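Here the structure is laid out as structure tokens; the discussion comes afterwards.
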Amino acid sequence: MRLTKFEHAALMIEDSGSRLFIDPGKFTTPITEASGAVAVVITHQHDDHWTPEQLGRIAAKSPGVRLFGPAGVVRAAADKGIEVEAVHAGDELEVAPFRLRFFGGRHAVIHESIPVVDNLGVLVNDALYYAGDSFSVPEGVEVDVLAAPAGAPWMKIAESMDYVVEVAPKRAFPTHEMVLSRAGKDLSNARLRWATEQGGGEYLALEPGDTLDF
């Protein structure tokens, strides 16, 4: 499998000519190369993780692509005339060649004045784990590749460091970083590298467009 990191929270995984997209939102360059897409996973309803326009571009290139998300995403997408299949924590499903397992359930708290929305982490082919906007740990899973949050209104870097130490992935890379300056990205990379190395893992400071085979 090959992972391609896009801006902010968006990822593409390719396997045997098929593509899986995760969280194509408003901070991500418009996705136009989307042929062969079999599924899109949206972790939660905030627009830095999905937009109708991004989903429309993917569907135009790959008619029949299946969209998955928690209940909040299903409702938000329905308001835009888009059908998303509901998934819940504990669900497992297969959209060949991808096996998807879902964890968690709630977005991390941003502030007491801001409602907490549904959020699901996704494990792809028992190898790649991305928790969306949360620090949900996939219990009982040895994570090969972890998408580690680098910066967000709902986190501080110490929390992400503790999260990476707890998951102890073999490899980790930064996500959710478009809210950071270059200096902020460098700082987060240094801290997340340290956290990854505590479990003997390797940290890869991927930039948009970079790929990783796993």
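Might you let me know whether segment 120-140 holds any residue that is in contact with a helix residue (DSSP H, G or I) (Cβ under 6 Å, 6 or more places away or on another chain), open to solvent by less than 50 Å² (accessible area, probe 1.4 Å), touching a residue at least 40 places away in the same chain (Cβ under 8 Å) and within 19 Å of ARG66 (Cβ to Cβ)? No - not one qualifying residue is present in segment 120-140. Report yes if GLY81 is surrounded by fewer than 22 Cβ atoms within 10 Å (Cβ to Cβ) and in a loop (DSSP other than H, G, I, E, B), otherwise no. Criteria met by GLY81. All conditions but one from (1) of a type outside the set (S, T, N, Q); (2) free of Cβ contacts under 8 Å to residues at least 12 places away in the same chain; (3) within 21 Å of THR43 (Cα to Cα) apply to PHE173; the one that does not is (2). Filtered by the rule that a residue be out of contact with any Asp or Glu (no Cβ under 6 Å at 6 or more places or on another chain), in contact (Cβ under 8 Å) with a residue 12 or more places away in the chain, surrounded by fewer than 19 Cβ atoms within 10 Å (Cβ to Cβ) and not in a strand (DSSP E or B), segment 84-103 gives HIS88, ALA89, GLY90, ALA96. Scan segment 62-76 and give yes if some residue there is in a strand (DSSP E or B) and open to solvent by 40 Å² or more (accessible area, probe 1.4 Å), otherwise no. Within segment 62-76, one or more residues are in a strand (DSSP E or B) and open to solvent by 40 Å² or more (accessible area, probe 1.4 Å). In summary, LYS185 fulfils each of the numbered conditions (1) among the basic types (Lys, Arg); (2) loosely packed, with under 15 Cβ neighbours inside 10 Å; (3) in contact (Cβ under 8 Å) with a residue 24 or more places away in the chain with the single exception of condition (2). The residue that is nearest to ALA150 (Cα to Cα), counting only those in segment 188-200 that are free of Cβ contacts under 8 Å to residues at least 24 places away in the same chain and open to solvent by 80 Å² or more (accessible area, probe 1.4 Å), is ARG193. Listed by position, the strands (runs of 3 or more DSSP E) enclosed by segment 1-56 include none that has at least 1 residues that are at positive phi and either crowded, with 19+ Cβ neighbours inside 10 Å or among the aromatic types (Phe, Trp, Tyr) (or both). Taking the condition within 23 Å of THR29 (Cα to Cα), open to solvent by less than 10 Å² (accessible area, probe 1.4 Å) and aliphatic (A, V, I, L, M), does ALA152 pass? Considered against the rule, which asks whether it is within 23 Å of THR29 (Cα to Cα), open to solvent by less than 10 Å² (accessible area, probe 1.4 Å) and aliphatic (A, V, I, L, M), ALA152 comes out as no. From the residues in segment 161-182 that are open to solvent by less than 20 Å² (accessible area, probe 1.4 Å) and of a type in the set (Val, Ile, Thr), which one is farthest from PHE103 (Cα to Cα)? Applying the filter and picking the extreme gives THR175. For the criterion of being out of contact with any strand residue (DSSP E or B) (no Cβ under 7 Å at 6 or more places or on another chain), touching a residue at least 60 places away in the same chain (Cβ under 8 Å) and over 18 Å from LYS80 (Cβ atoms), HIS8 passes.
The values are calculated or read from the model by the stated rules, or taken from the named source; none is laboratory data. Keep in mind that this is a model prediction, so the values were computed, not measured. Cβ coordinates were reconstructed from backbone atoms using ideal geometry, including for glycine residues, and neighbour counts include every protein chain displayed. Surface areas here come from the heavy atoms of the whole protein model, side chains and all, with no ligands, DNA or RNA. Shrake-Rupley method; radii C 1.70, N 1.55, O 1.52, S 1.80 Å.
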